[in-house]
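*Asks:* Encoded as structure tokens, here's the structure I'll be asking about.
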Amino acid sequence: MSLGSIFDIAGSGMTAQSLRLNTTASNIANAETASSSTEQTYRARKPVFAAIQQSMLNPTQQGQAFGTDEGPGAGVRVEGIVESDAELQMRYEPDHPAANEEGYVFYPNVNVVEEMADMMSSSRSFQMNVDIMNSAKSMMQRILTLGQQ
Amino acid sequence: MAISLDKALGIHQHALEGRVKRAEVLANNLANADTPGYKARDIDFQAMMEKAQEGMNGFGMTRTHESHMDTSPMGQDSELLYRVPHQPSVDGNTVDAQQEQTRFMRNAMDYQASFQFLNGKVTGIKKALSGQ
């Protein structure tokens with residue numbers, strides 16, 4: 001019975017989405033963190049998702065028959081977090097305590113509108129995974145009642 | 001006359017197993033709804049059932065070597081196919097979350113139906129065994 005693996009799959013989805021929500025929160029919190037040089041300025045962070053294939057989980061079965069890309073897959077994983085290399089916002093604010101010699105400060109390349117949309121998308125995806133887990137749970141509970149009056 | 005429990009349960013045990021497998025594939029699609037380049041997949045349930053029916057008729061092939069192809073109904077995922085996307089997306093992902101969720105729910109309902117049938121069979125056998 002592979003109902004148990006649905007829990008793993010939905011769980012991996014929830015982990016990935018909550019990490020995405022985490023980066024979004026960090027980006028929005030730091031949207032106005034100014035600094036005096038391009039190196040020190042906060043840059044928007046984005047997680048990179050990748051699908052887990054079952055052959056990655058048990059390498060002993062790898063290459064067996066034609067099973068390189070076969071199998072239903074085993075969820076999603078976060079491959080890493082990348083910093084956006086979009087251009088930083090340079091503003092002329094000579095009164096700012098962090099202003100450099102020419103009077104410029106650097107603001108992060110966080111697009112707040114984009115982050116908000118991202119936030120909604122990830123929370124929806126999270127909810128979807130919770131729904132899947134609930135369905136799998138009721139399916140499993142149902143099978144336990146097999147043969148009962 | 002020997003009682004074969006395998007035969008007594010009919011196609012329903014295979015159907016239930018197939019439903020579970022499909023639920024797994026659909027859950028995986030939904031978990032990867034935001035993964036760039038991920039291609040949505042699904043199981044050809046009808047083909048799977050036809051295979052199961054063939055296997056029940058007793059003309060199935062046996063595997064005598066581990067590198068033989070598994071032709072059993074729930075064996076190799078030969079019915080695992082890729083979905084044709086309705087609309088292209090920039091990141092190459094072909095998962096339509098709403099559709100997948102609908103399919104998952106429907107699959108769960110079909111699972112319940114299969115379960116009901118299987119449960120009926122089991123209760124019938126139990127009744128027969130108790131001899132009331």
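*Asks:* Quickly run through region B:1-53 and pick out the residues that are without any contact (Cβ under 8 Å) to a residue 12 or more places away in the chain and assigned to a loop (DSSP other than H, G, I, E, B).
*Replies:* Across region B:1-53, the qualifying residues are B:M1, B:A2, B:I3, B:S4.
*Asks:* Residue check: is A:L3 under 24 Å from B:E24 (Cβ atoms) and at pLDDT 90 or above?
*Replies:* For A:L3, the condition - under 24 Å from B:E24 (Cβ atoms) and at pLDDT 90 or above - is not met.
The values are calculated or read from the model by the stated rules, or taken from the named source; none is laboratory data. Please read these numbers as outputs of a predicted model, since none were measured by experiment. Please note: Cβ atoms are built from the backbone with ideal geometry, for glycine as well, and neighbour counts cover all protein chains shown.
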